[in-house]
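The values are calculated or read from the model by the stated rules, or taken from the named source; none is laboratory data. On a predicted model such as this, the values are computed, not experimentally measured, just so you know. Note: ideal-geometry Cβ built from the backbone for every residue, glycine included; neighbour counts use all protein chains shown. Surface accessibility is based on the protein's heavy atoms, side chains included, excluding ligands, DNA and RNA. Shrake-Rupley method; radii C 1.70, N 1.55, O 1.52, S 1.80 Å.
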Amino acid sequence: MKHFINLRTYTHPNPWKGKDQKEHSYYVGHEIGGLSDVAETITVDESNNFVTIREIIEEQRDENIMRRRRFYYEFIQLMQRCPNIFDHEGDALKSYRLGLLKKGLNDVEDIKLIKLSDETKPICDMVDDMFSFELVLIPTTQIHPKTGRLTDQL
């Protein structure tokens, strides 16, 4: 059975902005950070695994040609511009992780990161209700390297 899944993104707020999130755009970018609104919707089958879902997020068929999705181009741009607060290097600068967020929740603490080892499992094994969650794309640079969480608290 086919289902629609909303896609969102998460980045830590820009550290140059301060508490009131104001900035001078001449010195820093204009990204606020945090959890985005719904940015894209994809169609998946409940038997798909997250590896297949990554392919759906990144590419779409245009007649006989596979092309990158416009959303994915924008997400690549976001990954390149977001703060690297945990000083990641190498491949981490170009990779992302997936997280699950129940619909209606908007707090970073509510995002459940999917382990890389679990990405081969069918999506129906990872979620209780296919209609009750959204998928969050998180640049690897936003994840604490020791705790594997979105915060730096141990």
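Note down the relative contact order for the chain as a percent, whole number, built from C-alpha pairs under 8 angstrom at least six residues apart.
Relative contact order here is 31 percent.
With the full set of protein chains in place, find how many percent of the accessible area of the stretch 63-154 is carbon and sulfur; take the probe as 1.4 Å.
Within the stretch 63-154, the accessible surface is 46 percent carbon and sulfur.
Taking the full set of protein chains and a 1.4 angstrom probe, give the accessible area of Thr140 in square angstrom, rounded to the nearest 10.
About 30 Å², rounded to the nearest 10.
Students sometimes get this wrong: rank Cys82, Cys124 by accessible area, probe 1.4 Å, all chains present, largest first.
Result of the area sort, largest leading: Cys124, Cys82.
Counting only the heavy atoms of the protein chains, how much of Asp45 is accessible to a 1.4 Å probe, in Å² to the nearest 10?
40
To test your reading of the geometry: what angle, between 0 and 90 degrees and rounded to tens, separates the Cα axis of helix 70-81 from the longest principal axis of the chain?
Helix 70-81 sits at roughly 30 degrees to that axis.
Over the stretch 67-122, what is the relative contact order in percent, taking alpha-carbon pairs closer than 8 angstrom and at least six residues apart?
Result for the stretch 67-122 is 24 percent.
To the nearest 20 debye, what charge dipole does the stretch 73-154 have about its Cα centre, counting +1 at the Cβ of each Lys and Arg and -1 at the Cβ of each Asp and Glu?
Approximately 100 debye in magnitude.
Suppose every Lys and Arg Cβ carries +1 and every Asp and Glu Cβ carries -1, with no other charges. What dipole size does the chain come out with about its Cα centre, to the nearest 20 debye?
Using Cβ point charges on Lys, Arg, Asp and Glu, the chain gives about 260 debye.
Compare Glu63, Glu40 by solvent-accessible area with a 1.4 Å probe and give them largest first, with all protein chains kept in place.
Largest to smallest exposure gives the sequence Glu63, Glu40.
State, to one decimal in nm², a quarter of the convex hull surface area for the C-alpha atoms of the stretch 97-154, i.e. the direction-averaged projected area.
Seen from a random direction, the Cα hull of the stretch 97-154 projects 4.3 nm² on average.
Can you sort Ser117, Ser132 by 1.4 Å-probe accessible area, starting with the largest?
My answer, sorted largest first, is Ser117, Ser132.
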